[in-house]
Every structure is written in structure tokens, then in C-alpha cells.
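**Student:** The structure is given below, and queries will be raised subsequently.
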């Protein structure tokens, strides 16, 4: 459903002209701009019927809403949840309805991880943690890679134990980000941070750094480290997929990506992948794995992360089941 929505949005923006589309892009996040830009660049040969279908859908949606609503808070909640789903909308709803000015945070989202790391390097770890939980998990993981091991572990511990952001913390961010965030007594505590956030970020750091961070958190609080690990989904956890889910994943992963990712996998995981392919495809994959020479660990881990992104997307869409347990074979 999400992919369909992105495609519809791409077709709509291509239909309304450059100036109008540019105005729309001004109101989107960096990640939304990237997704829509990629969708537009991939779009080829759309039929008039498909364009008309998208425009009719937009017109119908626009006409179904009155310009004036009695309860604007509920209206915002309803629209965002319909557009983004409950999980994705909840974070934006908190930001919008609590009156945060997140201009500074939004500007960080357009910066490369190294630049953000340099900007925050001398700040207190608690301030860094409070800022980083506002960013995309992948960007945060990249930023943390550019910090010292001690600082990185300290920041991750604070992210993992962060139960929300108080108004006073938002006031501290004003000094760091040139008064771009505002706080006050009436501002509600946000729902950012916590074990789930820590697990998502650590997932994207790479095996060597991941182990160091988990060990540091374990020294502080063993139970907390275990909770984070329980939330994490790493490449070898593909073993937990049932056969049907594995086959769904393999349809979405390119052969070259799979070959590189499996270079760093256990024999058990390789065999599970091969067992869920046709005999011809499995034979070809075996030959490619044997003929491919040594590869850099960073390249292998990079492709494994890409596979995991696909798995998480398919899981969010309900197409695969994480944790598996099925035993249906290849058909």
C-alpha cells in the first residue's frame, strides 16, 4: 500500500507541472523527497488511463473534506494516520500538536552524517542523544560511526534509557541549534527514544561497532542490553523466516545483492536460501558464491543491511512473518 501511494504521488506530481510540484516538495521531509524523486525517475510510459485514475482519486479525496473543521487536532490525527499509518503518524502528530519548532532538526536531516557528527562532537552526550532520536535511524547510525567509541557507547546508552523528552531538554537544544526548538510548561513529553529506537540504530551500525555498543550497555545494565538485543533483527535472523516468507524476500532481492550478502553468512543460512530457490537458480547461486573472490567486510555488511531493509519493508506490509515457524516447502 505504501509503495502504491508513492507511485500515485509521483504520477500526480509529474502531471501538475514543475512549479506546482516544486511547491509540494518544499513541504516534504528529506526522506519523502528522496522516495518521490526515485519514484519519478523510475516512472516510464504511464498510460493516460492511469494518469486519469490518479487525478480522479486526488479530486475525490480533496472534495470529500471540508475546508473548515470544528476539531483541528482530531483532523490532523485522522489525516496523518490515513496517509502514513499509526506508527509513522504518531511521531509527527506529537511534534505538530505540541507546538515544537523543529526547523533546526529538519535542517540536520539534509546534512551528511560526518557533518552532523562534527557539529555535535563537543556537545554533552545527553544533548547529542536528545537530538539524534529526532533523526532517521540510518542517519543516526552513520553519525555515531564518526564519534569516538567512548562517546558513541555513552550516547547509545542514553538513547536506550530515554523515556521521552521533557520541555527543559528542548530548551537546552535551543542553545545547540540556535533557538530552533522551543519548549514550555504546556509542551507534552515526546515519545522518542527507548529500547526500540536503540535497537533500530544499532542494527545499522555494523557488526564490530554493534558488539562494542551492546557490551558497553550490558556493563551498565544487563537486562537493558538483553531487551535491546531482543528487539534487534540481524542478518542471521533470516533463519527465523518460514519458507514462504523467505521466498517472498528472495523475489525482491537482486542476485548480485544476494551473492555479496551471503559471502558473510553461515553455511546454515546459505543452505536455507538455496533450499527456497528453484534447482537451477540454486545451482547458479552456488557457482557464483564459489567464483566470487574475497570481499571487504564493509561491502558485505552494506549489502546485508540492504537485504534487511527489504525484509523490514515486507514485514511492515504484512508480506513476510518475522520469527517464522512454517514448514511449507518450495513449490
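**Student:** Would you mind stating whether residue 225 is touching a helix residue (DSSP H, G or I) at 6+ places or on another chain (Cβ under 8 Å) and free of Cβ contacts under 8 Å to residues at least 12 places away in the same chain?
**Tutor:** It is true that residue 225 is touching a helix residue (DSSP H, G or I) at 6+ places or on another chain (Cβ under 8 Å) and free of Cβ contacts under 8 Å to residues at least 12 places away in the same chain.
**Student:** Another question about this same structure. Please verify whether residue 286 is at pLDDT below 85, in contact with a helix residue (DSSP H, G or I) (Cβ under 9 Å, 6 or more places away or on another chain), surrounded by fewer than 17 Cβ atoms within 10 Å (Cβ to Cβ) and not in a loop (DSSP other than H, G, I, E, B), treating the condition exactly as stated.
**Tutor:** Considered against the rule, which asks whether it is at pLDDT below 85, in contact with a helix residue (DSSP H, G or I) (Cβ under 9 Å, 6 or more places away or on another chain), surrounded by fewer than 17 Cβ atoms within 10 Å (Cβ to Cβ) and not in a loop (DSSP other than H, G, I, E, B), residue 286 comes out as no.
**Student:** What number of residues within the range 15-27 satisfy the criterion of being within 26 Å of the chain's Cα centre (by Cα) and in a helix (DSSP H, G or I)?
**Tutor:** 5
**Student:** Here is a further query. Looking at (1) within 16 Å of residue 210 (Cβ to Cβ); (2) modelled with pLDDT under 85; (3) surrounded by 17 or more Cβ atoms within 10 Å (Cβ to Cβ), which is the one condition that is false for residue 300?
**Tutor:** (2)
**Student:** Give me a count of the residues in the range 113-122 that are in contact (Cβ under 8 Å) with a residue 12 or more places away in the chain and either surrounded by 19 or more Cβ atoms within 10 Å (Cβ to Cβ) or more than 15 Å from residue 153 (Cα to Cα) (or both).
**Tutor:** 6
**Student:** Considering each of 39, 9 in turn, give the residue that is within 21 Å of residue 61 (Cα to Cα) and surrounded by 15 or more Cβ atoms within 10 Å (Cβ to Cβ).
**Tutor:** 9
The values are calculated or read from the model by the stated rules, or taken from the named source; none is laboratory data. In this text the structure is predicted, and so the values were computed from the model without any measurement. Virtual Cβ from ideal backbone geometry, glycine too; neighbours counted across all protein chains shown.
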